[in-house]
Structure formats: structure tokens, C-alpha cells
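Novice: Please read through the structure below; I'll follow up with questions.
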Amino acid sequence: MRAATPLHMFVVTLRCEHSCPYCQVSRQSKDRARYDMDRATASKAIDIALSAPAPLIKIEFQGGEPLLNFDLIRWIVTTAKQRAPQRFKTLQFVIASNLALLDDEVLDFCAEHDIHFSTSLDGPRDLHNKNRPRRGDNSYELAIAGIARIKDRLGSDKVGALMTATEASLDRVEEIVDEYLQQGLDGIFLRPLSPYGFAMRTRQFHKYRGQDWLQFWKRGLRYILDINKSGRHFPEFYSSLIVRRMLSDEPIGYVDLRSPAGTGLGALAYNYDGTVFASDEARMLAEMGDRRFELGNVHENTYRDLILSDTLVSAVADSLTQTAPQCSTCVFEPHCGADPVYHHATQQDTLGIKPLSEFCERQKGVITHLFELLEHSPQDAAVLRRWAS
Ligand code: SF4
């Protein structure tokens, strides 16, 4: 059985490479340099990440825009690679970036160290630029140009993109899928909005309900399955995760679909100032003023302190679907998971009040629909089984 790879997210800077009206940092201070992680903090975070028991560790660089602090990324990669053999660890690196600052120096370093990129692509130009406002109105052009440069220089498997469905996306799923196909991306994750950060600051999160997203996802999945049936391998990643969960005993490595929750156990987020959170969502929640999932600080705590902190232990204990009200008697429980950060953010209850939970509503809708396809549609089932393998 494969082990899931734990994710260690280094928020190397909270700065953005442009000023938009929503930027916390530009509102908070003119002294933006103080939102950069320093080497002493990064060094401690590396040691904590390398103390995790898994032999394979994934380090992801986040921001703000992490390429604004590329010197530190370079230092962390080389330092972590120097220290990893003493701990018998293998490392993977990912930079989560909008690609606006991508240049030859960055690409050369990433080629030398086998670094992957993750970016955002919400769909066609007008939709992407509307969702991701930027001075110059060129977020889409920069993302597309960056994806092409990475594919050309590093290889097509070195860049992935994530989309987030806003209200403006709901009736455009085919166009969004076509955009991904046109850019030569290897699949799509039809993601709903999360109740953190930008989606909350812009009030987008409340503009549609769980059922609206389910209709969007079902329509998109229909379109994607038909594309696959015509011979092109192009998975919808959330479906493939759930189907793999249904049809195999392989761990899927997706933090929000585990029981106990993957929060903290499958991912840790090291903020620029050394604060450690149980996930990147927990960090975003803290930026909104709620520090419920703050586990400690790299300058004061060890990996063991963080993992055994009362905050994490109680969140994980509350997250067991096998014993949670509603979940323990739910037919979907073996294929589902817990998301204590989401439920705390939306209901102030880490366990979650499932009859009122959009997470639960989406899970029931997705799993039911996938079961129906597996049971009643042999051609669709064949595609889904391929995605799961
Ligand atoms: S579908 Fe809802 S009730 Fe069932 S296991 Fe998932 S979260 Fe719990």
C-alpha cells in the first residue's frame, strides 16, 4: 500500500506582486519587507518538516506571491536537500504561484532541482481576469504564458493548475474545461469556493449554495466523461479521488477526505513569521482573526510538540467520521472524510452539524452520482475506473 505524502507549506512571503484592493498586507503596513520569512525561521521550519516520520516529504512554497522571495526559496531548497540525507528523506518541491514573475533565472533553478509549479486558472480570459483582478487586467495572459514557458523548459508534467468556481463560473463549465484542454493541462479539479481569504473578503463564498456547485460539477463531469470516451485521457480530479477511495484500499493523500482528518497529520503550514498552523486553510482563517488552529511556533516547538498539541489532538479526535453523529451511521462514510477547519469556519463547530453542512451536502451528491454512473452507465464506469487506477 502506498503511503500518502505529507505536505509542508512554507509561506515565504505574504506580499503580492501587485496591489489589489483586497490585499491585507498593503492595508496593514507600508513596511512590506516584514512580511517575508527570514532564514532563521526557514531553517527551523526545515528541521521540523524533516522530523516528520514519512520518508517522502513534499515542500510547497506559498504566498502572497512566493516568487517575490525567490532568494529564500533557493536557500530553502538547497538547505533542505543538504539536510535530507542525514534524515533518510526524499524531497519534492512545488511553487504555488500566479507565474507573473516567472523568468529564466527561476526556470533554470527549477530545472536543476526538479521543482514543480502549481498555478491558478479559472477558465477563459474574461472569467479568470474577473476572478483574479490585477492592475493591467492581465492575470490570464501571465498565467497562460507562464504555463507555456514551464512546459517548454521543464516538461509538461511540471505544471498543474487549479480552478475555483465563483458565481460567474456556474453556467460556463464547458468553456472552463475547453480552456484547460487548450492549454494542454492533464486534467481539471472542479473546486467549489472555500470559506477563507479572498472568497470571504469579496463575499463570493455566500453567492451560491452547495446544490448550485453540484449542478456545475455534474454538468462538467458529463462533458469531461464524453471527452474521455472520444479517446482523450483527461480526468476530473475530485471524481478520480473519490472513485479511487471507493474501488481500492490505496490512500488518496487528500487532506479533506480522511478520517481522522488530514489536518496537521497530512499537512502543516509554516507562516512567514514562524507560526505553525494545522493547514493552509487554518492559516487563512488566522488572517481573518480566528487562530483556533494555531499549533505553535518553529522557534519554540518541535515536530512532536506541534503534532501532540492539545489544539491538534482535539481537532483530530473530533474528526473521526466513524464515531461522529450522522457520519457514523451514514452509508457514504467509508468514502468520505472530515474537514474540521471548514466546519469550524462555517459553523464554529469542528465536528460539524452535518444536516446543515454544505461539505456533507456536496459529498452526498458527488458520491451518489458516481455510484449511479458506476452502476448504470458501463461506458462512463470504464472511464472512471481508468481514472482510479
Ligand atoms: S456524507 Fe455527510 S454524514 Fe455522510 S460521512 Fe460524509 S460528512 Fe458524514
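The values are calculated or read from the model by the stated rules, or taken from the named source; none is laboratory data. Since the model is a prediction, treat every value here as computed from it, not as a measurement. Cβ placement follows ideal geometry from the backbone for every residue including glycine, while neighbour counts extend to all protein chains displayed. These accessible areas exclude ligands, DNA and RNA; they are computed on the full protein's heavy atoms, side chains included. Shrake-Rupley method; radii C 1.70, N 1.55, O 1.52, S 1.80 Å.
Novice: Ignoring trypsin sites (Lys or Arg not before Pro) that are buried or in helix or strand per DSSP, and keeping those with at most 13 other beta carbon atoms within 10 Å, what is the longest stretch of the chain between them?
Specialist: That gives 233-389 as the longest site-free run.
Novice: Extension gain GLU141-GLU105, at 0.36 nm per residue separation less the Cα-Cα distance, in nm?
Specialist: Extending this stretch completely gives an extra 10.9 nm.
Novice: Once the Cβ-Cβ distance between GLU333 and TRP75 is put in as r, and R0 is 41 Å, what FRET efficiency do you end up with, to the nearest 0.05?
Specialist: It comes out at approximately 0.40.
Novice: Would you please state which residues of the stretch 116-132 a label at ARG232 would reach in this model, taking the label point 7 Å out along Cα→Cβ and a backbone N cut-off of under 18 Å?
Specialist: It comes to 121-125, nothing else.
Novice: Mind listing which chymotrypsin sites (Phe, Trp or Tyr not before Pro) in the stretch 27-121 are in a DSSP loop and have 15 or fewer other Cβ atoms within 10 Å?
Specialist: PHE88
Novice: Pop out the carbon and sulfur fraction of the accessible area of the stretch 310-378 as a percent, whole number, probe 1.4 Å.
Specialist: 57
Novice: On full extension of the chain, what length is gained from SER51 through SER314, given 0.36 nm per residue of separation minus the C-alpha to C-alpha distance?
Specialist: Stretched fully, the SER51-SER314 segment lengthens by 92.5 nm.
Novice: Once every DSSP H run of n ≥ 4 in the chain is given -39500 (n - 2.57) and the sum is divided by its residues, what mean residue ellipticity at 222 nm do you get, rounded to the nearest 500 deg cm²/dmol?
Specialist: Mean residue ellipticity at 222 nm (helix-derived): -13000 deg cm²/dmol.
Novice: Sticking with this one: Accessible area per residue of the chain at 1.4 Å probe, in Å²?
Specialist: I get 43 Å² per residue for the chain.
Novice: Based solely on C-alpha atoms, express the radius of gyration and the Dmax of the chain in angstrom.
Specialist: 20.3, 60
Novice: Here's a follow-up. Take every Cα-Cα distance within the stretch 310-378, group them into 5 Å bins from 0 onward, and report for each bin the whole-number percent of pairs it holds.
Specialist: Bin by bin from 0 Å, the calculated values are 3, 17, 25, 23, 14, 9, 5, 3, 1, 0.
Novice: OK, next. Quick one: net charge around GLN92, please, counting Lys, Arg +1 and Asp, Glu -1 for every other residue with C-beta under 10 Å from its C-beta.
Specialist: So the environment of GLN92 carries a net charge of -1.
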